[in-house]
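Participant: This is the structure I want to talk about, given as structure tokens.
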Amino acid sequence: QAKKAGRNTMRFFDPRMQQSLSARLALELELRKAIEKDQFQLYYQIQVDETHRPLGAEALLRWMHPEHGLMAPAEFIPMAEETGLIVPIGWWVLETACTQLKAWEKDPLTRNLVLSINVSAKQFHQPDFVDQVQAAVDHYGIDPALLKLELTESILLENVDTTIKRMSALKKTGVGFSLDDFGTGYSSLQYLKRLPLDQLKIDQSFMQEITSDSSDMAIVSTIIAMAQSMQMGVIAEGVETEEQRQLLLRKGCNHFQGYLFSKPVPVEQFEKLLHRG
Ligand code: C2E
Ligand code: MG
Ligand code: MG
Ligand code: MG
């Protein structure tokens, strides 16, 4: 909060503000160097079906900061967005994900996993976005059907025609799309129908109350029905309890991601998880 205020308002007489501003500047300089210093890492969170069979994973970015330790996206993605650094960081995520998919080809336990990556609006709207994704898929020689791009509604609502063109171009190459954090935005059914989406991802904010709050349950049921009527898949994120899983299953959602199965973990741990079965 202090960091946010420090950015937008000038408060020269508050020494604490001064400090948070300089801390912020320091962090920004460090973020600029983080790629070349190899400080980013992808964590992997498993996605499963109703029989707990692994379907794939979501790649989630972590920054191994030399002093602050492991930093979650909430601590640096906003800054990366504001400074535009999210674009090179996004390319790094794409390349790392493709490298991982290539490595997973060698093991029967991992070779069919679909890897989802998060794409920021700034990155999606780069003029060369389609070319870059295509180039990465070609360069690493991966099966494009194993790469899924998670977009948010805010991306899709900006510049609808360009968005549809870009998605369709990538769709033709075989790459998949999931609509992340679904249910928190304003997309209409009419609009969603025009997008070549493979999957809706039900936002985790609905999970907390799903077993007690009937309006959250109603929203989730509606999302599941929407996905079915548009021939899209649906996955619930933030599933933490067996009770939530059962309820989702009864409503027709049979793909899950959440702490109930595993937290996001480094790749070695993720592979161990798969080998344990
Ligand atoms: P998201 O894409 O919606 O990712 C899901 C977030 O929920 C992750 O937080 C994950 O660790 C957390 N989560 C998963 N299961 C559970 C659960 O059962 N309970 C709870 N309470 N949380 C759960 P994380 O890793 O901190 O990432 C936060 C957000 O940062 C992501 O939300 C995504 O919007 C963004 N992000 C992460 N990695 C990247 C990236 O590589 N690029 C971009 N542009 N954004 C990223
Ligand atoms: Mg996501
Ligand atoms: Mg999400
Ligand atoms: Mg979310």
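Participant: Residue under question is residue 114, and the condition is that it be of a type in the set (A, V, I, L, M, F, W, C), more than 26 Å from residue 37 (Cβ to Cβ) and either away from ligand 4 (no atom under 16 Å from the Cβ) or open to solvent by 10 Å² or more (accessible area, probe 1.4 Å) (or both); does it hold?
Facilitator: On the way: of a type in the set (A, V, I, L, M, F, W, C): yes; more than 26 Å from residue 37 (Cβ to Cβ): yes; either away from ligand 4 (no atom under 16 Å from the Cβ) or open to solvent by 10 Å² or more (accessible area, probe 1.4 Å) (or both): yes.
Yes.
Participant: Looking at (1) within 15 Å of residue 270 (Cα to Cα); (2) crowded, with 20+ Cβ neighbours inside 10 Å; (3) touching an Asp or Glu at 6+ places or on another chain (Cβ under 8 Å), which is the only condition residue 119 fails?
Facilitator: For residue 119, the failing item is (1).
Participant: Among (1) away from ligand 4 (no atom under 15 Å from the Cβ); (2) open to solvent by 50 Å² or more (accessible area, probe 1.4 Å), which single condition is residue 274 missing?
Facilitator: (2)
Participant: Looking at region 73-98, which of the residues that are at negative phi and outside any helix (DSSP H, G or I) is most open to solvent (accessible area, probe 1.4 Å)?
Facilitator: Looking at residues that are at negative phi and outside any helix (DSSP H, G or I), I get 85.
Participant: Can you give me the number of residues within region 223-273 that are in a loop (DSSP other than H, G, I, E, B) and either modelled with pLDDT of 95 or more or not aliphatic (A, V, I, L, M) (or both)? I'd like the intermediate steps shown before the answer.
Facilitator: As a first pass, look at region 223-273 and keep what is in a loop (DSSP other than H, G, I, E, B): 230-232, 238-241, 252-255, 258-264, 266.
Filter again for either modelled with pLDDT of 95 or more or not aliphatic (A, V, I, L, M) (or both), leaving 231-232, 238-241, 252-255, 258-264, 266.
Selection size over region 223-273: 18.
Participant: Okay, next question. Being open to solvent by 20 Å² or more (accessible area, probe 1.4 Å) and hydrophobic (A, V, I, L, M, F, W, C) is the filter; apply it to region 233-264 and report the residue that is nearest to residue 115 (Cα to Cα).
Facilitator: Going through the qualifying residues, I end up with 261.
Participant: Have a look at 115, 31, 21 and point out the one that is touching a residue at least 12 places away in the same chain (Cβ under 8 Å) and part of a strand (DSSP E or B).
Facilitator: 115 is the lone residue from the list that is touching a residue at least 12 places away in the same chain (Cβ under 8 Å) and part of a strand (DSSP E or B).
Participant: Looking at region 122-160, which of its residues are within 16 Å of ligand 4 (Cβ to nearest atom) and open to solvent by 30 Å² or more (accessible area, probe 1.4 Å)?
Facilitator: Of everything in region 122-160, those that are within 16 Å of ligand 4 (Cβ to nearest atom) and open to solvent by 30 Å² or more (accessible area, probe 1.4 Å) turn out to be 148, 152, 154.
Participant: Can you name every residue in region 210-219 that is in contact with a helix residue (DSSP H, G or I) (Cβ under 7 Å, 6 or more places away or on another chain) and either in a helix (DSSP H, G or I) or within 13 Å of ligand 1 (Cβ to nearest atom) (or both)?
Facilitator: Matches in region 210-219: 210, 216, 219.
Participant: From the list 204, 208, 199, which one is touching a Gly at 6+ places or on another chain (Cβ under 9 Å), within 16 Å of ligand 3 (Cβ to nearest atom), in contact (Cβ under 8 Å) with a residue 40 or more places away in the chain and open to solvent by 20 Å² or more (accessible area, probe 1.4 Å)? It would help to see each step written out before you state the result.
Facilitator: On the way: 208 fails: in contact (Cβ under 8 Å) with a residue 40 or more places away in the chain; 199 fails: open to solvent by 20 Å² or more (accessible area, probe 1.4 Å).
Within the list 204, 208, 199, the selection yields 204.
Participant: Follow-up. Given the conditions (1) crowded, with 16+ Cβ neighbours inside 10 Å; (2) over 14 Å from the mean Cα position of the chain (by Cα), report the number of the one that residue 47 does not fulfil.
Facilitator: Going through (1) crowded, with 16+ Cβ neighbours inside 10 Å; (2) over 14 Å from the mean Cα position of the chain (by Cα) one by one, residue 47 breaks only (2).
Participant: Do we find that residue 171 is open to solvent by 50 Å² or more (accessible area, probe 1.4 Å) and not acidic (Asp, Glu) in this structure? Lay out the reasoning, then the answer.
Facilitator: Values: open to solvent by 50 Å² or more (accessible area, probe 1.4 Å): yes; not acidic (Asp, Glu): yes.
Judged against the criteria, residue 171 is a match.
Participant: Which one is farthest from ligand 4 (Cβ to nearest atom), of the residues in region 174-186 that are within 21 Å of residue 204 (Cβ to Cβ) and open to solvent by less than 20 Å² (accessible area, probe 1.4 Å)?
Facilitator: Filtering first and then ranking leaves 176.
Participant: Which condition number does residue 190 fail, the rest of (1) assigned to a helix (DSSP H, G or I); (2) at pLDDT below 90; (3) touching a Ser or Thr at 6+ places or on another chain (Cβ under 7 Å) being met?
Facilitator: If we test residue 190 against (1) assigned to a helix (DSSP H, G or I); (2) at pLDDT below 90; (3) touching a Ser or Thr at 6+ places or on another chain (Cβ under 7 Å), just (3) comes out false.
Participant: Considering each of 61, 101, 109, 70 in turn, give the residue that is touching a residue at least 40 places away in the same chain (Cβ under 8 Å), at negative phi and in a strand (DSSP E or B). Break it down into steps so the answer makes sense when it comes.
Facilitator: Details: 101 fails: in a strand (DSSP E or B); 109 fails: in a strand (DSSP E or B); 70 fails: touching a residue at least 40 places away in the same chain (Cβ under 8 Å).
Going through 61, 101, 109, 70 in turn, the sole match is 61.
Participant: Please specify each residue of region 87-134 satisfying the condition of being within 15 Å of ligand 1 (Cβ to nearest atom), in contact with a Ser or Thr (Cβ under 8 Å, 6 or more places away or on another chain) and either polar (S, T, N, Q) or under 20 Å from residue 53 (Cβ atoms) (or both).
Facilitator: 116
The values are calculated or read from the model by the stated rules, or taken from the named source; none is laboratory data. In this text the structure is predicted, and so the values were computed from the model without any measurement. Note that each Cβ is placed from the backbone with ideal geometry, even for glycine, and that neighbours are counted across all protein chains shown. Accessible surface areas use protein heavy atoms only, side chains included; no ligands, DNA or RNA. Shrake-Rupley method; radii C 1.70, N 1.55, O 1.52, S 1.80 Å.
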